[in-house]
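J.: Following this message is one structure expressed as structure tokens.
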Amino acid sequence: MAKRQVARLEIDPRLCKGTEGCSICLDQCGEGVLGIAPGFSPRGVHPAVVVELAKCTGCELCVIHCPDLAVNLVLSEAV
Ligand code: SF4
Ligand code: SF4
């Protein structure tokens, strides 16, 4: 079976409600890929951000569990 590879992983700061009130994606990720943005988003909160993309396994748990559909993951198949 082909191994999953991450082509792109982004969190949309316009959609993320902020880590002050939600840390579901951070809690779901056991790889330490996600963190808290040091600055404020346009919504006035600290959104989740990608801090260690190389560690991402492409498991999609953060995508599936984000209630605000803020996580955008694009996978590519490697042979
Ligand atoms: S689960 Fe979604 S809304 Fe919650 S902190 Fe993560 S990206 Fe933001
Ligand atoms: S896809 Fe999986 S490993 Fe990658 S950031 Fe989301 S929860 Fe973490």
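The values are calculated or read from the model by the stated rules, or taken from the named source; none is laboratory data. Please read these numbers as outputs of a predicted model, since none were measured by experiment. Cβ sites come from the backbone with ideal geometry, for glycine too, and all protein chains shown count toward neighbours.
J.: Which of (1) part of a strand (DSSP E or B); (2) surrounded by 12 or more Cβ atoms within 10 Å (Cβ to Cβ); (3) charged (D, E, K, R) does Arg8 not meet, given it meets every other one?
T.: Unmet condition: (2).
J.: Sticking with this structure for a sec: Tell me the residue from Val63, Val45, Val74 that is within 9 Å of the chain's Cα centre (by Cα) and either at pLDDT 95 or above or surrounded by fewer than 12 Cβ atoms within 10 Å (Cβ to Cβ) (or both), please. Full working, then the answer.
T.: On the way: Val45 fails: within 9 Å of the chain's Cα centre (by Cα); Val74 fails: within 9 Å of the chain's Cα centre (by Cα).
Only one candidate qualifies: Val63.
Residue-by-condition table, conditions (1) over 20 Å from Ile64 (Cβ atoms); (2) within 10 Å of the chain's Cα centre (by Cα); (3) modelled with pLDDT of 95 or more; (4) not β-branched (Val, Ile, Thr):
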| position | (1), (2), (3), (4) |
| --- | --- |
| Ala2 | yes, no, no, yes |
| Val6 | no, no, no, no |
| Glu10 | no, yes, yes, yes |
| Leu15 | no, no, yes, yes |
| Phe40 | yes, no, yes, yes |
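J.: Condition first: under 21 Å from Arg4 (Cβ atoms) and either crowded, with 16+ Cβ neighbours inside 10 Å or of a type in the set (A, V, I, L, M) (or both). Now tell me which residues in segment 27-42 satisfy that.
T.: Gln28, Cys29, Val33, Leu34
J.: Right, here's the next one. Can you tell me which residue in segment 48-57 is nearest to Arg4 (Cα to Cα), limited to those that are near ligand 2 (Cβ under 8 Å from one of its atoms) and surrounded by 16 or more Cβ atoms within 10 Å (Cβ to Cβ)?
T.: Step by step, filter segment 48-57, then rank; the result is Cys56.
J.: If we keep just the residues of segment 1-47 that are without any contact (Cβ under 8 Å) to a residue 40 or more places away in the chain, in contact with a strand residue (DSSP E or B) (Cβ under 9 Å, 6 or more places away or on another chain) and among the aliphatic types (A, V, I, L, M), which is nearest to ligand 2 (Cβ to nearest atom)?
T.: Filtering first and then ranking leaves Val33.
J.: Here is a further query. Looking only at residues that are out of contact with any helix residue (DSSP H, G or I) (no Cβ under 6 Å at 6 or more places or on another chain) and under 10 Å from Ala48 (Cα atoms) in segment 21-33, which one is nearest to ligand 1 (Cβ to nearest atom)?
T.: Cys22
J.: Let me ask you something else. Quick one: in segment 7-18, of everything that is out of contact with any helix residue (DSSP H, G or I) (no Cβ under 7 Å at 6 or more places or on another chain) and not basic (Lys, Arg), which residue is farthest from Glu77 (Cα to Cα)? Can you show your working first?
T.: Taking segment 7-18 as the starting set, the residues that turn out to be out of contact with any helix residue (DSSP H, G or I) (no Cβ under 7 Å at 6 or more places or on another chain) are 7-8, 10-18.
If we keep only those that are not basic (Lys, Arg) as well, we get 7, 10-13, 15-16, 18.
Details: Ala7: 9, Glu10: 18, Ile11: 22, Asp12: 24, Pro13: 27, Leu15: 28, Cys16: 28, Gly18: 31 Å.
Step by step, filter segment 7-18, then rank; the result is Gly18.
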